[in-house]
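The values are calculated or read from the model by the stated rules, or taken from the named source; none is laboratory data. Note that the structure is a prediction, hence the values are computed from the model and not measured. Every residue, glycine among them, receives a Cβ derived from its backbone with ideal geometry; neighbour counts consider all protein chains shown. For the accessible areas, the whole protein counts, side chains as well, though only heavy atoms, and no ligand, DNA or RNA atoms are used. Shrake-Rupley method; radii C 1.70, N 1.55, O 1.52, S 1.80 Å.
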Amino acid sequence: MKCTVLFGSPRKQGNTAAALSFLVSELENLGAVCRVYDLYEENPAPCLGCKCCQDTDGFGCVQDDGLESVYTDIM
């Protein structure tokens, strides 16, 4: 099983990070392969509402914000 985890907290050592670390370690103990994305490091751009992503198969966002790998992992 593959898991894509989106970490969205600005506190890298906070409660959410601690809970996420426990979750990921348990999933890996069960045989899952986890990829954790820190969204504060990825710096996603807000949606423009242009709907270009709905007009294509696969990745179709017109913004070049570096999140193509995140979208690919989710798909």
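One table, with the values for the structure above:
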item: Residues being farther than 26 Å from Met75 by Cβ and in contact (Cβ under 8 Å) with a residue 24 or more places away in the chain - total across the stretch 1-35; result: 2
item: Failed item in (1) at pLDDT below 90; (2) assigned to a loop (DSSP other than H, G, I, E, B); (3) touching a helix residue (DSSP H, G or I) at 6+ places or on another chain (Cβ under 7 Å), with Ser9 passing the rest; result: (1)
item: Inter-residue pairs, beta-carbon under 6 Å, first at pLDDT 85 or above and in the stretch 54-75, second loosely packed, with under 10 Cβ neighbours inside 10 Å, 6+ apart; result: none
item: Single condition Glu28 does not satisfy, out of (1) modelled with pLDDT of 95 or more; (2) exposed (fewer than 11 other Cβ atoms within 10 Å of the Cβ); result: (2)
item: Complete set of residues in the stretch 1-18 that are hydrophobic (A, V, I, L, M, F, W, C) and open to solvent by less than 90 Å² (accessible area, probe 1.4 Å); result: Cys3, Val5, Leu6, Phe7, Ala17, Ala18
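Yes or no, residue by residue, for (1) in contact with an Asp or Glu (Cβ under 9 Å, 6 or more places away or on another chain); (2) surrounded by fewer than 12 Cβ atoms within 10 Å (Cβ to Cβ); (3) assigned to a loop (DSSP other than H, G, I, E, B); (4) not acidic (Asp, Glu):
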| position | (1), (2), (3), (4) |
| --- | --- |
| Leu20 | no, no, no, yes |
| Tyr40 | no, no, no, yes |
| Gly49 | no, yes, yes, yes |
| Gly60 | no, no, yes, yes |
